[in-house]
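The structure under discussion appears below in the form of structure tokens.
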Amino acid sequence: MLSGWLRLGSSATTVLGRRLSGVAASAVKPAYSEITGDDVDFFRSKLQPGAIIQGTEDLAPYNKDWMNKYFGKSKLALRPKTTEEVSELLRYCNEKSIPVVPQGGNTGLVGGAVPVNDEGCIHIGVLYPGAFHSEPNAEAVVS
């Protein structure tokens, strides 16, 4: 399981409570599939019009955090409107080994919702239409 995620050298490293030998453990991109036209066609068949975001300018908000500190390279963002759509998208991506990054409001401080490589984004913020973020007051309100 860990061999796809780590590159090991010659000193000790602890991962998930296990001691591993290596100079350093560095993240290595596992073998994932790239998103193809057939994948986009599948997403179109499952989502409402306008729920698939493509194009550099349209993807800009999905490829950065709100502080403009972290930047990603996603070529596709999906905006499902129901939990059933989320479930179908994740099932499909899992079966096809397509990496995805879930995004809510993209307001975290550590860049965890920013796609590092070319993962697809699944933006679930539209599932919670009563939630909004007030930037001047740095508060989130959920109804």
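Here, each number is a calculation from the coordinates, and none is a lab measurement. Bear in mind that the values here come from a model prediction, so they are computed numbers and not experimental data.
What to note about this one:
- Taking N as the residue count of the range 72-127, its C-alpha radius of gyration divided by 2.2 N^0.38 Å amounts to 1.08.
- The range 38-73 versus the range 96-113: alpha-carbon centroid distance in Å: 11 Å
- Length gained on full extension, residue 34 to residue 84: 15.6 nm, using 0.36 nm per residue less the C-alpha separation.
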